[in-house]
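Report on one structure; see the data block that follows.
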Amino acid sequence: MASIGKEAGGFRILFVDPSSGRRKTVRLGHVTRRQAEAVKVKVEALLASMITGHAPDEEVSRWLAGLDGRLVARLARVGLVAKRTTETLGTFLKRYASERIDVKPATQALWGYVQRNLVEHFGAEKLLRQIGPGDADGFKMYLVGLGLAPTTIRRRLQFVRQFFRAALRRKLIDTNVFAEVGTPAAADSGRQRFITREQTAKILDVCPDATWRVITVLARYGGLRCPSAVSYTHLTVPTNREV
């Protein structure tokens, strides 16, 4: 996938960009052949990640984190990694949420829980590019330690993958370290209950308004999942009629 070339200024790595098909070069300067071979292996790993869409493994991520600015800039120039930035986790999360005017308030509220978890665990001043694969696994364990249900953890990790995928598209990070962090959905049968008509009537009696009575009826008798299927933020019902 990549090869080593010798030139007057030292060694260079040559490869074909999988997205454009163009031949590109990373000049290493005066290094030993052994050092050039080591870089070639890492370049091939980055190319494989580009082709498969998977994040580089932890070894490659650690290697990238330890590189000096010059080599990172050369890798970024040919599209193998993102340019290094000083974007912090807190700044990015706030900006991303404010720019997503296409999502509903209910979704923004759910994002708020996840963003608070991220900031509480990593700190708002943590640089995005300093969060590695091991940190991503640690965040999952942090959610587990909060005592959240497996389905809640799974959903929050989905949001985190979404946030970091957006950061990757903006070239703020080299890889989405949360891409392969997940947990299987697990139904908690201990929380399942059959709600009788009598219990439903009592719920309807304490609903604050007609909107919530409609939601209750749709969930209990219409079989709609709440809140995913019942879009209560856009639900309009007459206020002068009894439901």
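The values are calculated or read from the model by the stated rules, or taken from the named source; none is laboratory data. Since this is a predicted model, take the numbers as computed values, not measurements. As a convention, Cβ positions derive from the backbone with ideal geometry for all residues, glycine included, and neighbour counts pool all protein chains shown. These area figures cover heavy atoms from the full protein model, side chains too; ligands, DNA and RNA do not enter into them. Shrake-Rupley method; radii C 1.70, N 1.55, O 1.52, S 1.80 Å.
When you check R165 against the structure, is it modelled with pLDDT of 90 or more and open to solvent by 50 Å² or more (accessible area, probe 1.4 Å), yes or no? Against the criterion (modelled with pLDDT of 90 or more and open to solvent by 50 Å² or more (accessible area, probe 1.4 Å)), R165 qualifies. Cβ separations smaller than 9 Å between residues 6+ apart or across chains give the following pairs from the stretch 44-63 residues that are under 21 Å from Q130 (Cβ atoms) to residues that are part of a helix (DSSP H, G or I) and hydroxyl-bearing (S, T, Y): A55/S49; A55/S61; P56/S49; D57/S49; V60/S49. Considering only residues that are in a loop (DSSP other than H, G, I, E, B) and free of Cβ contacts under 8 Å to residues at least 24 places away in the same chain, look in the stretch 83-102 and name the one that is most open to solvent (accessible area, probe 1.4 Å). By that ranking, first place goes to I101. Note on the stretch 141-160: residues that are open to solvent by less than 50 Å² (accessible area, probe 1.4 Å) and either of a type in the set (V, I, T) or within 14 Å of the chain's Cα centre (by Cα) (or both) total 6.
Against the conditions (1) open to solvent by 50 Å² or more (accessible area, probe 1.4 Å); (2) part of a loop (DSSP other than H, G, I, E, B), V177 satisfies every one except (1). Just one of the listed residues (T85, T91, T25) is among the polar types (S, T, N, Q) and more than 24 Å from the chain's Cα centre (by Cα), namely T25.
Could you check R12 against (1) part of a helix (DSSP H, G or I); (2) farther than 28 Å from A167 by Cβ and say which number it fails? Of (1) part of a helix (DSSP H, G or I); (2) farther than 28 Å from A167 by Cβ, only one is false for R12: (1). Taking first residues from the stretch 135-156 that are touching a residue at least 24 places away in the same chain (Cβ under 8 Å) and under 12 Å from N117 (Cα atoms) and partners that are among the β-branched types (V, I, T) and not in a helix (DSSP H, G or I), the Cβ contacts under 6 Å between residues at least 6 apart in sequence or on separate chains come to K140/V181; I153/T183. How many of the residues making up the stretch 39-78 are in a loop (DSSP other than H, G, I, E, B) and open to solvent by 40 Å² or more (accessible area, probe 1.4 Å)? Result for the stretch 39-78: 5. Of the residues making up the stretch 104-118, those that are of a type in the set (A, V, I, L, M), surrounded by 12 or more Cβ atoms within 10 Å (Cβ to Cβ) and more than 14 Å from the chain's Cα centre (by Cα) are A106, L110. No other residue among M1, M50 is within 18 Å of L168 (Cβ to Cβ) and aliphatic (A, V, I, L, M) apart from M50.
On the basis of being more than 19 Å from L168 (Cα to Cα) and touching a residue at least 60 places away in the same chain (Cβ under 8 Å), does P105 make the cut? Answer is yes for this residue. For the stretch 1-22, a residue qualifies if it is among the basic types (K, R) and surrounded by 14 or more Cβ atoms within 10 Å (Cβ to Cβ), and exactly one does: R12.
Would you confirm, using the coordinates I've provided, whether G123 is more than 30 Å from R27 (Cα to Cα), open to solvent by less than 60 Å² (accessible area, probe 1.4 Å) and touching an Asp or Glu at 6+ places or on another chain (Cβ under 8 Å)? Criteria not met by G123.
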